[in-house]
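Okay, structure first, notes after.
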Amino acid sequence: MNRKTKQTALLGLCASLALVLAYVEALLPPIVAAVPGVKLGLPNIVLVFLLYRCGVKQAAVVSLVRIVLLLWLFGNAMSFYYSLAGATLSLVAMALLKRWDFLSTVGVSVAGAVLHNVGQILVAMLLLNTAELGYYLVVLAITGTVAGVLIGLCGALAIRRIPKKLF
């Protein structure tokens, strides 16, 4: 099997895993019932792994495929805009921060989690034409930091455990 075919197959597997993790996350009960919209971001384990193992382009492709498939299978147009904004801002920030050696995988993941929330709140503020939603970022920054640490640790573990020769 040539390199391009192998990479396409592996990215397809990664997109499938991210989609399954998104579905599993949707089945979980709300983590904090009093805080709407809080999620762990389980699919981001795959994206953190891909960002470090393969690069930004591959992580972006898998992220976009996951978002489109989730829209097609379970979502609506509004959820697509929220997901796309959050994922784009998150991935751009993580790609830029990854270049600096002083940040660990966990630090990059935390920044991605918090900025994912920022992207979604910005879209909500635009669509609902209200700046007051910005206050909710304080709560989401705290929960995003906790989730980002967990996702970053899982991503770092995957990077250490999955052989480089697969990619």
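Tabulated data for the structure shown
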{"read-out": "Set ILE67, ILE142, ILE159: member being open to solvent by 30 Å² or more (accessible area, probe 1.4 Å), of a type in the set (A, V, I, L, M) and closer than 21 Å to VAL20 by Cα", "value": "ILE159"}
{"read-out": "Out of LEU47, LEU17, LEU51, LEU11, sole residue that is part of a helix (DSSP H, G or I), open to solvent by 40 Å² or more (accessible area, probe 1.4 Å) and either at pLDDT 85 or above or out of contact with any strand residue (DSSP E or B) (no Cβ under 6 Å at 6 or more places or on another chain) (or both)", "value": "LEU17"}
{"read-out": "Residue in region 92-99 that is touching a helix residue (DSSP H, G or I) at 6+ places or on another chain (Cβ under 9 Å), closer than 21 Å to GLY37 by Cβ and either assigned to a helix (DSSP H, G or I) or open to solvent by 50 Å² or more (accessible area, probe 1.4 Å) (or both) present", "value": "yes"}
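To keep it simple, each residue is scored yes or no on (1) open to solvent by 30 Å² or more (accessible area, probe 1.4 Å); (2) part of a helix (DSSP H, G or I); (3) among the basic types (Lys, Arg).
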residue	(1), (2), (3)
GLY75	yes, no, no
MET78	yes, yes, no
LEU84	yes, yes, no
ASP101	yes, no, no
VAL106	yes, yes, no
ALA111	no, yes, no
VAL114	yes, yes, no
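The values are calculated or read from the model by the stated rules, or taken from the named source; none is laboratory data. Please read all numbers here as calculations on a predicted model, not as lab measurements. Neighbour counts run over all protein chains shown; Cβ positions are idealised from the backbone, glycine included. Accessible surface areas use protein heavy atoms only, side chains included; no ligands, DNA or RNA. Shrake-Rupley method; radii C 1.70, N 1.55, O 1.52, S 1.80 Å.
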